[in-house]
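Single-structure report; data block below.
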Amino acid sequence: MNKTVNPNELTSDDDYGPLYAARKKVYPQSVSGTFRRIKWGLMAFCLGVYYFLPFVRWNRGLGAPSQAVLIDLPNSRFYFFFIELWPQEVYYFTGLLIVAAVALFLMNSIGGRIWCGYLCPQTVWTDLFYAVERFVEGDRRERMRKDKSSGALTLKRGSEIALKHSIWLLIAWWTGGAWVLYFNDAPTLVKELLTFQAPMIAYIWIGILTATTYVLAGHMREQVCTYMCPWPRIQAALTDEWALNVTYRYDRGEKRTSVKKAAELRAIGEHVGDCVDCYQCVAVCPTGIDIRNGPQLECIQCGLCIDACDNVMTKIGRPTRLIGYDNDINIQRRQNGKAPIYRIVRPRTIIYSAMIAAVGGIMLYTLATRSLLDVNVLHDRNPIAVKLSDGSIRNAYTVRLLNKSGYDRVVAIDADGPANPTVHVVGVDSVTPDRPMIVIPRDSTSELRLLVTAPAESNPEKSIPVHFHVTDIGLGEAASATDNFVSP
Amino acid sequence: MTDHSDIDSVSGKSTTGHEWDGIRELNTPLPRWWVISFYLTIVWAIGYWIVYPAWPLIQGNTTGLFGYSSRANVAVEFANLEKIRGDKMAALGAASLADIEKDPALLALARAKGKTVFGDNCAPCHGSGAAGAKGYPNLNDDDWLWGGTLDQIMQTIQYGARSGHAKTHEGQMLAFGKDGVLKPDEIVTVANYVRSLSGLSTGKGYDAVKGEKIFAENCVACHGDGGKGNQELGAPNLTDKIWLYGADEPTLIETISQGRAGVMPAWEGRLDPATIKAMAVYVHSLGGGK
Ligand code: SF4
Ligand code: SF4
């Protein structure tokens, strides 16, 4: 409600408020309904994935990690089910980030901040912590009463507080524990953690994540969304008039009156709104705002006020969805007696979907066609060419061979470009002359110094392209790279 | 600044009293924890100034409370690095030269170590890529004054050439002109003869018979029959395509008249044996090694 303050009643500077404001504690009430059910479902799903994914196994053969999702920092490898990424393939992560960002835009253009309300880790864990708080201390009224009652701390109240914080810390600790499991073989690490054999860094990370989870979800709560998170500011620029946001349909709600008065007024044919001013929508709001004041930065679009109001409407026998996901256009239209319109398919959403499809498609394509054998060549710069005593010209190259497969390979290296070149790899005596054979151990890189010599009579021009072909002599898989052969 | 009428009539909230174009700014204070965190960062910053070296003074700087210094830290890190590398360098020192080239891990280590040491010690003469310069051999090619096997390269690095070391390579190109052994016209003739040995053109009126005779009387002792050179004496092969000082007539005349005696320093005693070994392997692996 808008209160108007009479300036004449203010007597001192204090009435203008201090330079900082103490936080007003929010006591969200429990609620049931469609959106609450969706939230429970998504919470179970997200937390389930987070806590148990490290234990999912994936057979990659002997000697390779058998964890489905693993970030192997010491060896710079990332495993995701059938995918194994090398450090030079970080562009997949870039692609993933682009897809994630555009998906966020798409979500925003369709349903406003649904990310915030349903999927954001801050929301998910805060919701979980609220559930614990309700379970231990009771619902809104009870908690408010308990917090207000001054006087000595009773044993019951004390143990309640202790229990709440213990459960919170337990969840927080488990959250940190699950985090480190992504960086190491989970069952082994669990055993090590329990026997205090795990590396120090694991305990440190668990400590950090326990602390952040406990503080952010237990104590900071909606303040993270309101003061610390940049998203509310950004999303205001992304949303448009078609985006569905949690909206109080004031065309239907106003004028507010009590249930009894409304019935009386309706009986004499006067217009009254459906809102009965019961403040249920405010009571359930986890950020403590009144959605009837219009769109607000604090609103995370969790939809709980919709559930609360729907329950009220059902009880008083009025149509539900006085608060609902709606857009601004429709409020205007209904006020003017026109039917509401919704448009999910529009240029913005089409472009976002197309971008996701394009980037995702490119990623899938490169992933499907990427080779497990790779070669990189770097020409020596100093000197770029060497004349030998018989007049022949030699160029030296640094060749890097990558074997991304799970087995050792024997590869042959050929070079073509100058006429009749000889190819030699330093430190390798080839059985076949001019066709060096190299063993590259599985899942590793080999760096070689490779010399290509063109006979004097071939007299190559200043610079001609030279192609290096690397062929797995067992499987026939091949890779090639191109560089230049230079004459002095 | 505060005026009692600074209350926004719509929201009922006090304003800051600032007004632009009729729009007044509501006084929306920050949460207390936010402000406290802000002050704490200031306190932290001041503490940081005191605890760590921070302020430049006219001479030096404040040293902080615990004597922390990033320079000392680097020294410790370097010492640790040496300790970590100790084992590997010991393995390098223990292995024979041939074994090093056969073991990919040792070869990589020797090349890496050799490369940095080469850059620090050898590059001023031989160039950073060992491409050499006039009078300084190119170590990438296959022409070796004192021999290009691993052992020979190592020996040259250890003792040098004309370095004054007891085991150094000796032998030099005599100054036939300066010392009056050959007359100017004889020098021109023999210079042309030397060019003909590696298939280069000779000057007008050049007398091949005379050239061969002068060469046989004066040069064969070191450069051998047919000018094929002698690695024992560091005498270059005159029949190949590589010339340390140049193959043009004026340069050859200068070489024969003035003599040549380039110096390669001995590295024994200046670098430890494992490092010298690494350098030998590095130079050999440049591609010209025999
Ligand atoms: S106003 Fe409604 S949708 Fe917004 S945060 Fe509060 S309860 Fe959730
Ligand atoms: S819950 Fe519905 S009826 Fe109750 S105050 Fe909110 S909008 Fe009005």
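Restricting to chain B, what percent of DSSP beta bridges are antiparallel, rounded to 5? Around 80 percent antiparallel, to the nearest 5. A cysteine counts as unpartnered when no other cysteine's C-beta lies under 4.7 Å of its own; in chain A this applies to A:46, A:116, A:120, A:225, A:229, A:275, A:278, A:285, A:299, A:302, A:309. For the stretch A:264-339, the direction-averaged projected area of the alpha-carbon convex hull comes to 5.8 nm². Projecting the Cα atoms of B:161, B:65, B:76 onto the charge dipole of the stretch B:56-183 (Cβ charges, centred on the Cα centre) puts B:65 farthest toward the positive pole. Reducing the stretch B:61-84 and the stretch A:16-86 to their Cα centroids gives an inter-centroid distance of 41 Å. So which of A:462/B:115; A:261/A:315; B:167/B:228 end up more than 23 Å apart by C-alpha? The answer is A:462/B:115; B:167/B:228. I'd like to know which of A:107, B:201, A:165 lies farthest towards the positive end of the charge dipole of the protein assembly as shown, counting +1 on Cβ of Lys and Arg and -1 on Cβ of Asp and Glu. Most positive-ward Cα: A:165. Report, in debye and to the nearest 20, how large the dipole of the stretch B:122-227 comes out about its Cα centre when Lys and Arg carry +1 and Asp and Glu carry -1 on their Cβ. Using Cβ point charges on Lys, Arg, Asp and Glu, the stretch B:122-227 gives about 320 debye. With the convex hull of its Cα atoms as the shape, the stretch A:44-182 has an orientation-averaged projected area of 12.4 nm². What's the local net charge at residue B:113, with K and R +1, D and E -1, over the other residues with C-beta under 12 Å away? Once all neighbours under 12 Å are counted, the net charge is +3. Computed about its Cα centre, the charge dipole of the stretch B:159-290 is approximately 280 debye, with only Lys, Arg, Asp and Glu carrying charge at their Cβ. This ranking places B:87, A:326, A:307 by how few other beta-carbon atoms lie within 10 Å of each, fewest first, which gives B:87, A:326, A:307. Nearest 10 degrees, 0 to 90: what angle lies between the long axis of helix B:273-285 and the longest principal axis of chain B (Cα atoms)? For helix B:273-285, the angle is close to 70 degrees. Within chain A, the longest segment free of exposed loop sites, counting GluC sites (Glu not before Pro) that fall outside DSSP classes H, G, I, E and B and have at most 11 other Cβ atoms within 10 Å, spans A:1-240. Applying both filters, DSSP loop and at most 14 other Cβ atoms within 10 Å, to the trypsin sites (Lys or Arg not before Pro) of the stretch B:92-165 gives B:134.
Cβ-to-Cβ counts within 10 Å put A:80, A:35 in ascending order as A:80, A:35, the fewest first. Close amide H pairs (under 5 Å, H built 1.01 Å from N) link residue B:54 with B:62, B:64, residues at least 5 positions away or on another chain. Working note: Karplus 6.51/-1.76/1.60 with θ = phi - 60° gives the stretch B:143-151 the couplings 9, 10, 5, 10, x, x, 6, 3, 5 Hz, where Gly and Pro are set to x. Summarised in one figure, the compactness ratio Rg/Rh of the protein assembly as shown, Cα atoms and Kirkwood Rh, is 1.17.
Taking every DSSP helix (H) stretch of at least 4 residues in chain B, weighting each as -39,500 (n - 2.57) and dividing the sum by the residue count yields a mean residue ellipticity at 222 nm of -14500 deg cm²/dmol.
Is the stretch A:181-267 best put as rounded, prolate or oblate by its Cα gyration tensor, with a ≥ b ≥ c the root eigenvalues, rounded for a/c under 1.5, and otherwise prolate when a/b is larger than b/c, oblate when not? Taking the square roots of the gyration eigenvalues as a ≥ b ≥ c, the stretch A:181-267 is prolate. Among the trypsin sites (Lys or Arg not before Pro) within the stretch A:358-444, those in coil by DSSP and having at most 15 neighbouring Cβ atoms inside 10 Å are A:370, A:381. Dividing the helix sum by the residues of chain A, where each DSSP H run of 4 or more adds -39500 (n - 2.57), gives a mean residue ellipticity at 222 nm of -12000 deg cm²/dmol. Each residue in B:18, B:165, B:284, B:126 was given a count of other beta-carbon atoms within 10 angstrom of its own, and listing them fewest first yields B:18, B:165, B:126, B:284. Projected over all directions and averaged, the alpha-carbon convex hull of chain B occupies 33.4 nm². Hey, if you put +1 on the Cβ of every Lys and Arg and -1 on every Asp and Glu Cβ in chain A, which of A:301, A:417, A:349 ends up farthest toward the positive end of that dipole? Going by the charge dipole, the pick is A:301. In this Cβ point-charge picture (+1 for Lys and Arg, -1 for Asp and Glu), chain A has a dipole of about 2480 debye about its Cα centre.
Compared with the dominant principal axis of the Cα atoms in chain A, helix A:121-137 is inclined by about 40°. If you model the stretch A:349-485 as an ellipsoid using its alpha carbon gyration tensor, with each semi-axis the square root of five times an eigenvalue, the axes come out at 35, 20, 12 Å, biggest first.
Computed over chain B, relative contact order equals 22 percent, with contacts defined as Cα pairs under 8 Å that lie 6+ residues apart.
Note on chain B: GNM, Cα springs under 10 Å; of B:29, B:265, B:250, the largest mean-square fluctuation is that of B:29. Between B:17, B:164, B:199, the residue with the greatest mean-square fluctuation in the GNM of chain B (Cα pairs under 10 Å linked by springs) is B:17.
Across B:280, B:221, B:110, mean-square fluctuation computed from a Gaussian network of chain B (C-alpha pairs under 10 Å connected) peaks at B:221.
Angle of helix B:249-258 to the longest C-alpha principal axis of chain B, folded into 0 to 90 degrees and rounded to 10: 80°. Expressed as a fraction of 2.2 N^0.38 Å, the value expected for a compact globular protein of N residues, the C-alpha radius of gyration of the stretch B:6-134 is 2.27. The Cα center of the stretch B:231-253 and the Cα center of the stretch A:207-254 differ in position by 82 Å.
Rule-based calculations on the coordinates, nothing more; no lab input. Source: prediction; values computed, not measured. Note that each Cβ is placed from the backbone with ideal geometry, even for glycine, and that neighbours are counted across all protein chains shown.
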